[in-house]
Amino acid sequence: MKIDKNKPLPDHTKLKYDECCAKLILEELFLDRYKNLLLADKPDLQGINVGIEVTTADDHNKQESMSNWVKAYNCQDEKARNNKIERLAQLGVKYTGGVQSWPGFIPSFDLTKKAVESKIVKLKNGNYKHFERYELFIFTDTWYHENIVDAARIYLFGDSVNENYKTVYVLSQDFDLHIFETDTESYQNIKIDTSEQTDRNIRARQMVENAEDNVRS
């Protein structure tokens, strides 16, 4: 498909934007650990002796609301735009245009936990390429304040996670990276420079666009 560079990415593309973002973050922040990660499937990123799954941990209604708001705001077709606004109303969000107001959201570790549990089940079900080590990269809008970090440490350092994923990365609110080494029960927090991450986001989108162009050519 032809991607309009001035509009949001389509829902279905050859490369997934989040996976491209995770690849760039890992390769550029951990130069000695990751080199030339391959964008693939089961697992999503594949390196030397390591396979990395990429997922999100956000409220599905909130994600759908955000998606419908973006589409409504950028839609030129009035009927389609009204359909998106109507769906927003069904989700409990009143459309207010370019400056959108959102219902309150209470931070919780539950969404992250559910995302990890889902990935553990899929890994155990098989059909994944074999690697000596598996890791997990999670994107979330959840604010990882001290209490949530404590809850994350308790759960992620438990046997159910350690037996499957040896490192769990959680990127909170686009720039706050939390690293849980489950095999050594160590934790690190990196505040990513926002301008650097914005540049990565732009390059990740370009990777998606280039892949679509290659399919068409």
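The values are calculated or read from the model by the stated rules, or taken from the named source; none is laboratory data. Owing to the predicted nature of the structure, the values given are computational and were not obtained by experimental measurement. For neighbour counting, all protein chains shown are included, and Cβ atoms are generated from backbone atoms with ideal geometry for every residue, glycine included. All accessible areas refer to the heavy atoms of the entire protein, side chains included, with ligands and DNA or RNA removed. Shrake-Rupley method; radii C 1.70, N 1.55, O 1.52, S 1.80 Å.
Pairs are defined by a Cβ separation below 7 Å, a sequence spacing of at least 6 or placement on different chains, a first member in the range 182-210 that is under 20 Å from E146 (Cα atoms) and at pLDDT 95 or above, and a second member that is open to solvent by 40 Å² or more (accessible area, probe 1.4 Å) and not aliphatic (A, V, I, L, M); the pairs so defined are T182/K166; Y187/R153; K191/F175; I192/F175. Within the range 123-137, one or more residues are over 14 Å from the mean Cα position of the chain (by Cα) and in a helix (DSSP H, G or I). Here the strands (runs of 3 or more DSSP E) wholly within the range 141-209 that include at least 1 residues being more than 17 Å from the chain's Cα centre (by Cα) are 176-181, 186-191.
Just one residue in the set R153, R133 is of a type in the set (K, R), open to solvent by 80 Å² or more (accessible area, probe 1.4 Å) and at pLDDT 95 or above; that residue is R153.
Of the residues making up the range 186-210, just one is under 14 Å from S172 (Cα atoms) and of a type in the set (S, T, Y), namely T194. Every listed requirement among (1) touching a Cys at 6+ places or on another chain (Cβ under 9 Å); (2) open to solvent by 80 Å² or more (accessible area, probe 1.4 Å); (3) polar (S, T, N, Q) is met by T184 save one, (1). Check whether at least one residue in the range 32-54 is outside any loop (DSSP other than H, G, I, E, B), of a type in the set (D, E, K, R) and either modelled with pLDDT of 95 or more or buried (at least 19 other Cβ atoms within 10 Å of the Cβ) (or both), and report yes or no. Yes; the residues of the range 32-54 include at least one that is outside any loop (DSSP other than H, G, I, E, B), of a type in the set (D, E, K, R) and either modelled with pLDDT of 95 or more or buried (at least 19 other Cβ atoms within 10 Å of the Cβ) (or both).
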